[in-house]
1. From the list Ser289, Ser237, which residue is small (Gly, Ala, Ser), assigned to a helix (DSSP H, G or I) and crowded, with 22+ Cβ neighbours inside 10 Å?
2. Counting just the residues of segment 374-392 that are in a helix (DSSP H, G or I) and of a type in the set (D, E, K, R), which one comes out farthest from Gln273 (Cα to Cα)?
3. I'd like to know if segment 128-143 contains one or more residues that are in contact (Cβ under 8 Å) with a residue 12 or more places away in the chain, assigned to a loop (DSSP other than H, G, I, E, B) and among the polar types (S, T, N, Q).
4. Here is a list of conditions, (1) touching an Asp or Glu at 6+ places or on another chain (Cβ under 8 Å); (2) among the hydrophobic types (A, V, I, L, M, F, W, C); (3) in a loop (DSSP other than H, G, I, E, B), and Leu206 meets all of them except one; can you say which number that is?
5. Quick check on segment 221-276: of everything there that is in contact with a strand residue (DSSP E or B) (Cβ under 9 Å, 6 or more places away or on another chain) and among the basic types (Lys, Arg), which residue is nearest to Leu298 (Cα to Cα)?
6. Taking the stated definitions as given, is Arg43 among the basic types (Lys, Arg) and at pLDDT below 90?
7. So, Asn246, is that one outside the structural domain of Ile155 (by TED's automatic domain parsing) and touching a helix residue (DSSP H, G or I) at 6+ places or on another chain (Cβ under 7 Å) or not?
8. Does segment 81-101 hold any residues that are over 28 Å from Glu212 (Cβ atoms) and either in contact (Cβ under 8 Å) with a residue 60 or more places away in the chain or part of a loop (DSSP other than H, G, I, E, B) (or both), and which are they?
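The values are calculated or read from the model by the stated rules, or taken from the named source; none is laboratory data. Being a predicted model, the structure only gives us computed values, none of them experimental. FYI the Cβ positions are ideal-geometry reconstructions off the backbone, even for glycines, and counts take in every protein chain you see.
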Amino acid sequence: MSPHSGSLAGPREIELKFLLPPGSRTGLEAHPVLAAAAAVQSRLVTTYFDTPDGRLKRAGLTLRVRRCDEGRIQTVKSEPNGESLAVDRVEWEWPIDQDTPDTAKLATIKPIKALGSALDGGLQPMFVADIQRHTLRIRLDEATVVEVAFDEGTIAAGPRTEAVSEIELELKSGRVGALYRLAATLQAAAPLCLSSETKAARGWRLRSGQGEGAAPAQPVKLNRKIRADEAFRQLLSQALGHLRANIGPMLRGNVEGLHQSRVAIREARAVLQLFAPYLDGASAKRFASRLRDYGVILGEARDWDVFCLETIPAAIADRPAESWNRLRAAAEFERGQAHEAVTLAARGSEVTQLVLGLMTWAEDGAIKPSCRANLRRRRLADLAPFLLERPAARVRRKGRDVGRLSQEARHDLRKSLKKLRYDVGYLGCFYPKDEVRRYRRRSKAVEEMLGPANDAVVARQLARRLEAAHPAEVSQAAEALESWCEARERKALRGVEAAIHDLRRARPFWE
């Protein structure tokens, strides 16, 4: 459900959007799945409105008036959510006979009505999209209809313009799984890449010079009666929706967008591991491996971000020297190389192929045949004790003699703690909040010690890499940094044995 679903009532728009490579429309329209449908061509000139201070945007709403062959249509949309791979939002539409918004109709929408008189006389055009649209309506089965729209044109905000070339797949009726299957079929025929930016978001970026910020993970909202198989699909879709929502910020160099993308990869892997007893093992391992490979690329860039933006400034705060500047320059070069690898991977079609493949698999064949009937019948709440005990047992086992663990074993414990945290976040809704909160507090206390200790270990490794590559230029600063990191690691681990002891002896709230 949309994050606004509790307060916004209206028709839903469920769609997937992809960047359309130049020259690929003709080939896709000839694809057997689309070839039988007659294309409807139209020119859409859409003006987006808001107050000068962007009150609608701040309220998570978009207002537009579109001129097309049928006349003029006024539309209000809620902002896209990050709770599913397919964008799910609420929209309201009215035919109107003017080029400016009909405020009387706007007053019927509860969230706009809540703004009161703030919009009266204050709505102004913000930017304009001029699009040539080729639309095909596809009936995939008796229950499922999808509208496929090829959009090519421009968005203009004052003197700034940007070309548009994209394909949108909107589910008109039926289940969302059919939308993923169609998208995967078309993506196999052309190198389509998921896009996280709406036309409205692109227009605001052109107008303000600033793109949308990173999208944090949304709280998990599982229905207490949800069946286990549906919960698996919902949790996986939410993780991949989190990834999709951060593609744009990450590609614009937003450090937090990269971090959130990496978190989303971990979330998806955690869902696969949580439901592992019920999944087709070979396919689950293959998808987990591909997610891990992508996560490694993001992780390399994230490590250099932390090294350049946090570790070096903290280490040299009281010790400025020329050698530190050379170390910083060498590190920034490596950071740039790592971010180029991220951009190359994110702009390639392999990540989109992976995401669509995961969701198609989740909809159609992820559950082992021997478990399908059971998971369709059983509530997730009934399975939660078994599902939670598995990661908790791993943490208890790996946390023995934590003071004697090697750096590698300590890092492995930290990863298991992260997965346990995700699992508690997924399943904690079935248990008393106070008991869940107490358990999470103990788990978090251990993570907050192991995290900085791991950052210090990684920073030492990066410093050694720089020293090996530039021995004459950075050796003095690198050695000083390594010494600083060793002290930081020791400080971070003070009390970790007591913290892990508290966690290991904590009564599991699921028992």
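1. Details: Ser289 fails: crowded, with 22+ Cβ neighbours inside 10 Å.
Going through Ser289, Ser237 in turn, just one is small (Gly, Ala, Ser), assigned to a helix (DSSP H, G or I) and crowded, with 22+ Cβ neighbours inside 10 Å: Ser237.
2. Step one: of segment 374-392, the residues in a helix (DSSP H, G or I) are 374-377, 380-392.
If we keep only those that are of a type in the set (D, E, K, R) as well, we get 376-377, 382, 389-390.
Details: Arg376: 19, Arg377: 21, Asp382: 18, Glu389: 13, Arg390: 10 Å.
Result: Arg377.
3. Of all residues in segment 128-143, those in contact (Cβ under 8 Å) with a residue 12 or more places away in the chain come to 128-138, 140-141, 143.
From the residues that got through so far, the ones that are assigned to a loop (DSSP other than H, G, I, E, B) too are 140-141, 143.
If we keep only those that are among the polar types (S, T, N, Q) too, we end up with none.
Looking through segment 128-143, none of the residues is in contact (Cβ under 8 Å) with a residue 12 or more places away in the chain, assigned to a loop (DSSP other than H, G, I, E, B) and among the polar types (S, T, N, Q).
4. (3)
5. By that ranking, first place goes to Arg244.
6. The answer is no for Arg43.
7. On the way: outside the structural domain of Ile155 (by TED's automatic domain parsing): yes; touching a helix residue (DSSP H, G or I) at 6+ places or on another chain (Cβ under 7 Å): yes.
Yes.
8. Residues of segment 81-101 that are over 28 Å from Glu212 (Cβ atoms), as a first pass: 95-98.
Selection gives Asp97, Gln98.
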